[in-house]
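Notes follow the structure.
The values are calculated or read from the model by the stated rules, or taken from the named source; none is laboratory data. Bear in mind that the values here come from a model prediction, so they are computed numbers and not experimental data. Please note: Cβ atoms are built from the backbone with ideal geometry, for glycine as well, and neighbour counts cover all protein chains shown.
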Amino acid sequence: MPLTGIRVLDFGRYIAGPYCAALLADYGADVIRIEAPNGNEDRFSVPVADDGSGAMFLQMNRNKRSLGIKPGSEEGRGVVRRLVRTADVVIANMPDDALEKLGLDYLTLSALQPRIILVTASAFGSEGPLAQRVGFDAVGQAMSGAVYLAGASGQPARAQVNYVDFTTALHCAFGVMLALHERERTGKGQRVSGSLLGSALAISNGLTIDHALNGIDRGMMGNRAFSSAPTDIFATRDGWIMTQVVGNPIFARWAQLVGRPELADDPRFRSDMARGENGSELTALMTDWCAARTTEQAIADLATARVPAGPVLRPSDALAEPQVVAAGLVEPMDYPGTRAPAPIIRTPVTLSENDKAALAPAPRAGEHSDMILAELGYDDEAISALRATRII
């Protein structure tokens, strides 16, 4: 596999760090999750197993091994130093002062292993007035402008999925690939830094460019769009659908479908921006058209007309969607104490010449501690002593 032979030490928490490491593990990296002997707090968010392990933990930590250790203790630091000398990548989504406290800052790591690549993901970056503050996904969403724009009736609205965290993880994984490639040329490692705020601004940059160059402060749009129409959520007789009509050809097909072909030549709807600015009339037409049909009928008619649309699914329905099944996006993963295998969505990118690693379950806390320590040269007596003093 592409990353076979690459060892990653994952000190990450929640999403940004752990998902970055999971992406690397999917394609062959040996990822060691380093956590407290009884598990870190992010292990227990939204519990789904008898031991309290959570839904997000199972997703983020497939294909990893777990070393349960107290890295802040002197003995724990000794273990971490040995690990670093064998590693290629260290992932730690925490502020710089926390990195230094644990000996995970780049200066310390590179002295142990000059080829090491340190990956950090913080809330706001390592410089500036907010550098030492903590933050989560929703804060990044709010500070990017997206939460305001998605609001309706005077109330801002955030996305329920943590897209800023996941985007940061993707950016960091991309940074790892760049650093590994550069290391082939120079033989040296480097630090890869990402931030939630930077990721949030990057994916909302079109909105901020619009304001900077057009001088328009877009109001709250809800589910509509200011740059296309009819783009919205519409009620059918038995559910809801989402349409996104972008471009003149698609708009002409939509107008023909709803029985108003003359709208394609109406100057009020001459472009995507014009349609967005006059979207209320188009939304009203689509509302009436959808109200007379079931979701299945509406989607079928829109598909025939080649107008982008999809049903609004509940989470309980999403994985049963025939397209999801046909694409093989879901892989069942066993984990002790769950009522059924966990439906895991792995890296949704395929390579024509390389498969992903076989799916291995997320580890229990400290499940592989003895194995990993033995690989580092600790004998049974030394491992027992570490366990007796609760270092592992």
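Within the stretch 182-208, the residues that satisfy the criterion of being modelled with pLDDT of 95 or more and aliphatic (A, V, I, L, M) are 192, 196, 197, 200, 201, 202, 203. If you go through the stretch 92-101 one residue at a time, do you hit one that is part of a helix (DSSP H, G or I) and not charged (D, E, K, R)? The answer is yes, given that some residue of the stretch 92-101 is part of a helix (DSSP H, G or I) and not charged (D, E, K, R). Remark: pairs (first residue in the stretch 253-267, assigned by TED's automatic domain parsing to the domain that holds residue 303; second residue among the small types (Gly, Ala, Ser) and surrounded by fewer than 18 Cβ atoms within 10 Å (Cβ to Cβ); Cβ separation under 6 Å; 6+ apart in sequence or on different chains) = 253/305; 255/264; 257/305; 264/252. Taking first residues from the stretch 305-319 that are free of Cβ contacts under 8 Å to residues at least 40 places away in the same chain and partners that are of a type outside the set (Phe, Trp, Tyr), the Cβ contacts under 6 Å between residues at least 6 apart in sequence or on separate chains come to 319/330; 319/343.
Residue 119 satisfies every condition listed in (1) modelled with pLDDT of 95 or more; (2) more than 19 Å from the chain's Cα centre (by Cα); (3) over 30 Å from residue 222 (Cα atoms) except (2).
If we keep just the residues of the stretch 77-103 that are of a type in the set (Gly, Ala, Ser) and crowded, with 19+ Cβ neighbours inside 10 Å, which is nearest to residue 120 (Cα to Cα)?
Filtering the stretch 77-103 for residues of a type in the set (Gly, Ala, Ser) gives 78, 87, 92, 98, 103.
From the residues that got through so far, the ones that are crowded, with 19+ Cβ neighbours inside 10 Å too are 87, 92.
On the way: 87: 16, 92: 5 Å.
Residue satisfying both the conditions and the ranking: 92.
Just one of the listed residues (287, 208) is under 26 Å from residue 143 (Cα atoms) and of a type outside the set (Lys, Arg), and it is 208.
Considering (1) surrounded by fewer than 18 Cβ atoms within 10 Å (Cβ to Cβ); (2) under 24 Å from residue 165 (Cβ atoms); (3) touching a Pro at 6+ places or on another chain (Cβ under 9 Å); (4) not hydroxyl-bearing (Ser, Thr, Tyr), the lone condition that residue 60 does not fulfil carries the number (1). For the structure I just gave you, tell me whether residue 208 is under 25 Å from residue 301 (Cβ atoms) and among the hydroxyl-bearing types (Ser, Thr, Tyr). No, not satisfied. Residue 45 meets each of the listed conditions (1) of a type in the set (Ser, Thr, Tyr); (2) in contact with a Ser or Thr (Cβ under 9 Å, 6 or more places away or on another chain); (3) over 30 Å from residue 187 (Cβ atoms) apart from (2).
Only one of 169, 123 is touching a Lys or Arg at 6+ places or on another chain (Cβ under 9 Å), among the small types (Gly, Ala, Ser), in contact (Cβ under 8 Å) with a residue 60 or more places away in the chain and buried (at least 17 other Cβ atoms within 10 Å of the Cβ). Can you tell me which? Outline the logic, then answer.
Details: 169 fails: touching a Lys or Arg at 6+ places or on another chain (Cβ under 9 Å).
Matching residue, one of 169, 123: 123.
Mind checking which residues of the stretch 247-279 are among the small types (Gly, Ala, Ser) and surrounded by fewer than 18 Cβ atoms within 10 Å (Cβ to Cβ)? Give the derivation first.
Restricting attention to the stretch 247-279, the residues satisfying the condition of being among the small types (Gly, Ala, Ser) are 247, 252, 255, 259, 264, 271, 274, 276, 279.
247, 252, 259, 264, 271, 274, listed by residue number.
Quick one: in the stretch 135-160, which of the residues that are among the hydrophobic types (A, V, I, L, M, F, W, C) and closer than 17 Å to residue 218 by Cα is surrounded by the fewest Cβ atoms within 10 Å (Cβ to Cβ)? For the stretch 135-160, the residue satisfying everything is 152. Among the candidates 58, 3, the residue that is part of a helix (DSSP H, G or I) and closer than 15 Å to residue 360 by Cβ is uniquely 58. Residue 27 meets all of the listed conditions (1) under 16 Å from residue 172 (Cα atoms); (2) out of contact with any Lys or Arg (no Cβ under 8 Å at 6 or more places or on another chain); (3) of a type in the set (Ser, Thr, Tyr) but one, namely (2).
Does residue 52 satisfy the condition of being part of a loop (DSSP other than H, G, I, E, B), crowded, with 24+ Cβ neighbours inside 10 Å and touching a helix residue (DSSP H, G or I) at 6+ places or on another chain (Cβ under 8 Å)? Considered against the rule, which asks whether it is part of a loop (DSSP other than H, G, I, E, B), crowded, with 24+ Cβ neighbours inside 10 Å and touching a helix residue (DSSP H, G or I) at 6+ places or on another chain (Cβ under 8 Å), residue 52 comes out as no.
Of the residues in the stretch 172-180, none is crowded, with 20+ Cβ neighbours inside 10 Å, outside the structural domain of residue 277 (by TED's automatic domain parsing) and part of a loop (DSSP other than H, G, I, E, B). When 302, 373 are checked against the criterion of being surrounded by 14 or more Cβ atoms within 10 Å (Cβ to Cβ) and either farther than 22 Å from residue 11 by Cα or in contact with a Leu (Cβ under 6 Å, 6 or more places away or on another chain) (or both), 302 stands alone in meeting it. Restricting attention to the stretch 307-316, the residues being loosely packed, with under 12 Cβ neighbours inside 10 Å and not polar (S, T, N, Q) number 2. For the stretch 134-166, filtering for residues that are in a helix (DSSP H, G or I), over 16 Å from the mean Cα position of the chain (by Cα) and touching a residue at least 60 places away in the same chain (Cβ under 8 Å) leaves 4.
For the stretch 330-374, which residues satisfy the criterion of being within 24 Å of residue 42 (Cα to Cα) and of a type in the set (Val, Ile, Thr)?
If we filter the stretch 330-374 for residues that are within 24 Å of residue 42 (Cα to Cα), which is where we start, we get 330-348, 359-373.
If the condition is that a residue be within 24 Å of residue 42 (Cα to Cα) and of a type in the set (Val, Ile, Thr), then 330, 338, 344, 345, 347, 372 are the ones that fit.
Within the stretch 238-246, is even one residue touching an Asp or Glu at 6+ places or on another chain (Cβ under 9 Å) and in a strand (DSSP E or B)? Yes, the stretch 238-246 contains a residue that is touching an Asp or Glu at 6+ places or on another chain (Cβ under 9 Å) and in a strand (DSSP E or B).
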